[in-house]
1. Which residues, taken from region 16-38, are farther than 14 Å from residue 95 by Cβ and of a type in the set (A, V, I, L, M, F, W, C)?
2. Considering only residues of region 64-91 that are open to solvent by 70 Å² or more (accessible area, probe 1.4 Å) and not in a helix (DSSP H, G or I), which is farthest from residue 118 (Cα to Cα)?
3. Checking the conditions here, which among 53, 40 is modelled with pLDDT of 90 or more and out of contact with any strand residue (DSSP E or B) (no Cβ under 9 Å at 6 or more places or on another chain)?
4. Would you please name the residue that is most open to solvent (accessible area, probe 1.4 Å), looking only at residues in region 96-110 that are under 23 Å from residue 14 (Cα atoms) and outside any loop (DSSP other than H, G, I, E, B)?
5. Look through region 28-63, keep the residues that are β-branched (Val, Ile, Thr) and assigned to a loop (DSSP other than H, G, I, E, B), and return whichever of them is farthest from the chain's Cα centre (by Cα).
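The values are calculated or read from the model by the stated rules, or taken from the named source; none is laboratory data. Model, not experiment: these values are computed from the prediction. Glycine gets a Cβ as well: all are built from the backbone with ideal geometry, and neighbour counts include every protein chain shown. Accessible surface areas use protein heavy atoms only, side chains included; no ligands, DNA or RNA. Shrake-Rupley method; radii C 1.70, N 1.55, O 1.52, S 1.80 Å.
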Amino acid sequence: MQVIYGVNATYVLPALVSIYSLWKHTSQPVESTMYVDGITEQNQYAIQRVNDTCGMSIQVKDFDATGLEDYDNARFPAISLLPLLLPSLEKGRCLFIDADTLVRGDVWELLSADLGGMPLGACIDMGQVTYLERRILNIRVVDMFRPARARLKN
């Protein structure tokens with residue numbers, strides 16, 4: 001399975017923590033690819049250290065933001081558009097994980113999810129505020145550990 005991360009230079013370290021947690025919890029081998037916008041020498045060194053320490057390999061690709069300049073701003077850098085560009089950048093099925101995600105279970109079941117012929121699938125970011133039935137629901141910490149129960153309750 002191909003697992004994709006998209007980061008700018010400031011999110012390389014959190015992505016490496018996420019990749020490490022992914023490797024620790026997966027039941028089968030995964031290929032990790034990190035698209036990086038503005039990689040630094042320090043980032044390259046950190047990635048190489050993780051590769052050497054874990055015995056796994058992270059493929060690093062330069063993110064080309066050409067044509068996306070109008071969408072690039074301080075709050076949402078162009079790299080945040082990567083999930084929408086993946087069908088044209090990657091062949092076959094892949095899984096995109098946010099750089100600030102700590103993987104606590106096996107992600108292989110996500111690969112078998114039925115997308116109904118659609119090129120992209122998505123899930124709710126439990127860290128965000130959800131708007132439902134004209135009410136704003138604040139997500140509690142316990143809801144993040146038991147999302148099915150929280151969804152049923154809400």
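1. The answer is 16, 17, 36.
2. In the first step, residues of region 64-91 are kept if they are open to solvent by 70 Å² or more (accessible area, probe 1.4 Å); the result is 64, 66, 69-76, 84, 88-89, 91.
The next check asks that each one be not in a helix (DSSP H, G or I); those that pass are 64, 66, 72-76, 91.
Numbers: 64: 25, 66: 26, 72: 27, 73: 29, 74: 31, 75: 29, 76: 25, 91: 14 Å.
Looking at residues that are open to solvent by 70 Å² or more (accessible area, probe 1.4 Å) and not in a helix (DSSP H, G or I), I get 74.
3. Numbers: 53 fails: modelled with pLDDT of 90 or more.
That would be 40, the only listed residue that is modelled with pLDDT of 90 or more and out of contact with any strand residue (DSSP E or B) (no Cβ under 9 Å at 6 or more places or on another chain).
4. Of the residues in region 96-110, the ones under 23 Å from residue 14 (Cα atoms) are 96-108, 110.
Narrowing further to those that are outside any loop (DSSP other than H, G, I, E, B): 96, 108, 110.
Numbers: 96: 58, 108: 53, 110: 92 Å².
For region 96-110, the residue satisfying everything is 110.
5. Within region 28-63, the subset β-branched (Val, Ile, Thr) is 30, 33, 36, 39-40, 47, 50, 53, 58, 60.
With assigned to a loop (DSSP other than H, G, I, E, B) added as a condition, the list becomes 30, 39-40.
Details: 30: 14, 39: 17, 40: 20 Å.
This residue is 40.
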